[in-house]
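Here's the structure we're looking at; comments come further down.
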Amino acid sequence: MAAITGGAAEIAHSCSICDQVVVNLDDRIQSCILGQLGELKKRAGAEQCELLQQYVSLTKAGPEVNVELRLGRYRNRKDDMRAFVAREGWDEDDEEQSHEVQVFRVYAPANDPSLKALPIQPPGLDIGSERAFEKARQWLKTCRNKHSGCRSSKGNPLPTRVIDVSGEKIHLIDTRAEGLKHEKYVTLSYCWGGPQPVTTTKATLDQHLQVLPAGEFPQTIKDAITVTRALKVNYLWVDAICIVQDDLEDKAVEISRMTDIYNFSYVTISASTASTCSDGFLQTRKLEKTPIRLRAEFSRNKKGSVLLVTDPASDEPIHKRGWTMQEHLLAPRLLIFGSLCMEFRCLGGNERDGGTTLPFNAQQSGMPAMEGRVASVLYTAKYGGVPDARRKSALKRNTFLYRTGLMSLALKITGEQNELEGVVIEQWASIVEAYTQRTLGFLDDRLNAISGIAKKMHRAELGEYLGGLFSYKLLPQLMWSRAEGQTPLPRPSHGYRAPSWSWASIDGQVTFRNRMWNSVKVTASLMEFNIQPMSEMKKYTEYVSGMVRISGDTTALKLVTDPATCELVVPQSHTDLSLTLDAQEFQDVSSLDVYLLQILHDSLEVRGLVLQDNSDGTFRRIGYCELPRYGDATAKLREGWLEKEFFDHLVSQLLLQRCIKLRLLILTTLFLGCYYLLVLLDSDKSLTSLRAEN
Ligand SMILES: [Zn+2]
Ligand SMILES: [Zn+2]
């Protein structure tokens, strides 16, 4: 293990092989032959050459193959250079060869002349040092003074309780009782990773208002206090301490305020590397491998050196936890204590304490993938939507319009209204997909831990929030399914979470099929929808029932159990049809009668829902289905969907009866008040009305 503290490369490797290389920093791409593999293997072993050791161990090339060192600027960027060790003439696109390449980042050491030509230093590994904190204070100062999109934190209300870290005696403050209104506070985003040693409960609340047992705090919270003080802020908000953990009422109130708690905070500390609360996050970081020093030249004969560093490719634990996603998205400013160095993000941009934005080869999974930058997601979460945050001028203009409350007027004038809502809905789908990749300590937090973003994104134009979906463009949004690779999980076992047509009704990763929703042809019609939250305060989190009434083309189908896997599958006669069941259920049945309801089609696929009959005129979603729009097999089924001519006599009769039954129910409602609704609540939470065409 090697440590580069504060950017100085004291312990870099060099040897006779590495010494023969001179990197020319003026060239965009360059390469040199290090020698023949057989010969190099011997020398690399003897000299313990860090540049070659890894490559030598992974290559299958013969001894006579020449080994090449190639360097290139990534996308022509001045501050992003990479180095590759591979066989001579290797081809990036060759699948087989690409496994035999050793990759490095190239940095200029601190105070080295080559910084002029390669303005990027190795990561500042001394993450808890005064030097690092000074850097963080500078970033915050620039953000406060120079970024027009970053709202000032002045005048933002405080959460119900905060930890006062200003004095020797750390204690909890009830902000209303103390009459504190507008003060700067810091929020912490971290992984609990199991039970916490110190939490505030009904029994300890009074005591904690006097004094908190700071000595017993887990290291992550201790480190957060250190950072808060270093940033010269008096108040810190940590969920485990500031929410009364065994008071359900208090929990519900605070969860409903989560959007504001993070949105209004001065800065959010992200303890990205800590997988449990006892890990802490201010330890000096270590590189997995010794960096390699090579000689460098630039601007005709100016001399310096560069460092080749292997970035760790692992994801950070914080991006795997459900709750932290909204904490990150809602934070106006994010101070990240990452696996290599400190990083700062706000709407004004990204800053890093050396190093590069993402570990090479590692995508930051669990964050919404957007066209363009994270900024557009941040912007959406903050202002409710923006068509293209990549264009600086648009960003500036829209920020102004949102802040002055003129956005909806301006959108009407420019006719961008529809486009904008479409974009917001698609961003919401991205957020849900990324969110469901993450894990939750309590599965029943499925709606809780995303409710802050839902609330923030919820604008009048998006209609109602229906337990994970918005009523605007609801039908295309129903085209979610269990993600590929996600094994079916049992339905949530206790209590009611969401209607069967919401992704929140199942656990595990989900994906939205074909998100180009502006280009699909929706064939079904939405007749009615309704959702009953537990209370007004819980309208983003807890529900008692929900229904949609959809009219569309349907067909009946009998699923059969595959004897080999014991899973329900499409019968042989319909092999074109691809079907994804939502959850692990129907374990002990030999077959299952279902209905397929067509919702939409795009140029290639017809897409719809798999429904189970509740035998009372209502249906329950149990899966998603699609079939190619054009093809030879299953013509009957496809035509039935597309041409609306399919229903055979029997099915038509059955459906007609059902429609009559429904009409009767509606009539009854007129006379019997709530009866209709009660029927729905008792049966199940989804309802489909099927239409038979003559
Ligand atoms: Zn070497
Ligand atoms: Zn900023």
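Coordinate-derived values only; no laboratory data. Bear in mind the structure is a predicted one, so any value in this text is a computation, not a measurement. Neighbour counts run over all protein chains shown; Cβ positions are idealised from the backbone, glycine included.
For K286 and D616, a Förster radius of 45 Å and the Cβ-Cβ distance give a FRET efficiency of 0.10, rounded to the nearest 0.05.
In this label model, K251 and I29 are separated by 5.7 nm, measuring between points 7 Å along each Cα→Cβ vector. Listed values for segment 36-45 are Karplus-derived 3J(HN,Hα) couplings in whole Hz (6.51 cos²θ - 1.76 cosθ + 1.60, θ = phi - 60°), namely 7, 4, x, 5, 4, 4, 5, 5, 4, x, and x replaces Gly and Pro.
Whole-Hz Karplus values for segment 466-473 come out as 10, x, x, 10, 9, 6, 5, 6 Hz, taken residue by residue from phi with 6.51 cos²θ - 1.76 cosθ + 1.60 and θ = phi - 60°; glycine and proline positions read x. Placing R0 at 60 angstrom, the Cβ-Cβ distance between Q572 and A46 gives a FRET efficiency of 0.40 after rounding to 0.05. Pairs from the list K146/K184; K181/K222; K251/K538 with a Cα-Cα gap above 22 Å: K181/K222.
Label-to-label distance, S519 versus Y74, with points set 7 angstrom from Cα along the beta-carbon direction: 2.9 nm. Extension gain, R82 to S493: 0.36 nm times the residue separation minus the Cα-Cα distance gives 142.9 nm. Taking GluC sites (Glu not before Pro) across segment 214-297, the ones in a DSSP loop with at most 15 further Cβ atoms lying within 10 angstrom of their Cβ are E288. Extension gain for A203 to Q587 (0.36 nm times residue separation, less C-alpha to C-alpha distance): 133.7 nm.
With each label modelled as a point 7 angstrom along the Cα→C-beta vector, the E484-T565 pair spans 1.4 nm.
Less than 5 angstrom separates the built amide H of V23 from those of R295, A296, E297, all sequence-distant by 5 or more or on a different chain. Distance from the Cα centroid of segment 37-76 to that of segment 482-513 is 48 Å (rounded to whole angstrom).
Taking the centroid of alpha carbons for each part, segment 171-186 and segment 331-348 are 25 Å apart.
Listed by Cβ neighbour count within 10 Å, with the fewest neighbours leading, L447, L329, L489 appear as L489, L447, L329. Given R0 = 41 Å, the distance between the Cβ atoms of L115 and D94 translates into a calculated FRET efficiency of 0.75. Extension gain for the segment K558 to E528, taken as residue separation times 0.36 nm less the Cα-Cα distance, is 8.0 nm to one decimal.
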